[in-house]
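The values are calculated or read from the model by the stated rules, or taken from the named source; none is laboratory data. All values derive from a computational prediction rather than experimental measurement. Positions of Cβ are generated from backbone atoms using ideal geometry, with glycine treated the same way; all protein chains shown enter the neighbour counts.
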Amino acid sequence: MDTGIDLRAPWQQLRERLQARELLDGPGASLSLRIPGSDAMWWARAGDDAPQRLSWREPLPPEADAHAAIYRSRGDAGAVAIGGGAYGRCLADFGGGLPQVFDEQARHIGPMAAWGNVLLLQGRPACLGMTATRLALNAELFEKCAKAYVLAVAAGGRVKPLPWLVRAIANRRLRKDQQRAAERFMQGQLPEESRGY
């Protein structure tokens, strides 16, 4: 049930926003948007002029394989950016994990785990979002959190995560949003934007 939604313009806008904030940098930086109701995505390297429509069932360029793997395993993911900003890319040098220190981080990014919205792929940050707008916000939030964490750890500071109850409540809200997004994608629709906290 391919809906025929053309996401090339939103892809271009998202790329411009991420590049303007230097959040789609580094070797192999790439960006994609899932096409609802299909096994396809709009994907391109950060420096390409326009995205290509690629099916996950066909042979893919090596850089696109990671995007396809994320979409196959995460029914809620509607947008993926691989590359990140300067501090996000430094995270691999500081243990590769980012504790949930801020409530907004716990609510929209979650833990750096299989269901969170940020993970490291061969040392490069991969940011996920249910929509293009949510991906942009998540990438910006992740870079801010990574900056605070990397600077604190580099200076020898101790970083304490949020209390478990705060993390549990925020993460539960994120999981509910992800479940609703997965349902919308299966119905061939774009997810609704998340509202507030």
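Is region 83-104 home to any residue that is in contact (Cβ under 8 Å) with a residue 24 or more places away in the chain and more than 25 Å from LEU24 (Cβ to Cβ)? Yes, because at least one residue in region 83-104 is in contact (Cβ under 8 Å) with a residue 24 or more places away in the chain and more than 25 Å from LEU24 (Cβ to Cβ).
Condition check: of a type in the set (S, T, N, Q) and over 23 Å from ALA81 (Cβ atoms). Does GLN179 satisfy that? When the stated conditions are applied, GLN179 does not pass them. Evaluate the following for ARG89: is it in contact with a Phe, Trp or Tyr (Cβ under 7 Å, 6 or more places away or on another chain), charged (D, E, K, R), outside any strand (DSSP E or B) and under 22 Å from PRO161 (Cα atoms)? Answer is no for this residue. Is it true that some residue in region 67-81 is surrounded by fewer than 19 Cβ atoms within 10 Å (Cβ to Cβ) and of a type in the set (A, V, I, L, M, F, W, C)? Yes, there is a match, as at least one residue in region 67-81 is surrounded by fewer than 19 Cβ atoms within 10 Å (Cβ to Cβ) and of a type in the set (A, V, I, L, M, F, W, C).
Using the structure shown, decide if VAL153 is hydrophobic (A, V, I, L, M, F, W, C), closer than 19 Å to GLY84 by Cα and in contact with a Phe, Trp or Tyr (Cβ under 6 Å, 6 or more places away or on another chain). Here the answer is no, as VAL153 does not meet what is asked.
The residue of region 1-50 that is surrounded by the fewest Cβ atoms within 10 Å (Cβ to Cβ), among those that are of a type in the set (A, V, I, L, M) and modelled with pLDDT under 90, is MET1.
Of the strands (runs of 3 or more DSSP E) entirely within region 1-83, those holding at least 2 residues that are in contact with a helix residue (DSSP H, G or I) (Cβ under 7 Å, 6 or more places away or on another chain) occupy 30-35, 40-45, 79-82. Looking only at residues of region 117-133 that are touching a residue at least 12 places away in the same chain (Cβ under 8 Å) and surrounded by fewer than 17 Cβ atoms within 10 Å (Cβ to Cβ), we find that the one that is nearest to the chain's Cα centre (by Cα) is LEU121. The number of residues in region 139-197 that are in a loop (DSSP other than H, G, I, E, B) and either under 16 Å from the mean Cα position of the chain (by Cα) or not small (Gly, Ala, Ser) (or both) comes to 15. Per the listing ARG89, ARG45, the residue uniquely under 30 Å from VAL153 (Cβ atoms) and of a type in the set (Lys, Arg) is ARG89. Report whether or not TRP11 is closer than 17 Å to GLY75 by Cβ and among the aromatic types (Phe, Trp, Tyr). No.
Checking every residue in region 139-147 against the condition of being in contact with an Asp or Glu (Cβ under 8 Å, 6 or more places away or on another chain), closer than 26 Å to GLN179 by Cα and buried (at least 17 other Cβ atoms within 10 Å of the Cβ) gives at least one match. Answer with yes or no whether ARG134 is of a type in the set (D, E, K, R), part of a loop (DSSP other than H, G, I, E, B) and under 29 Å from GLY95 (Cα atoms). Here the answer is no, as ARG134 does not meet what is asked.
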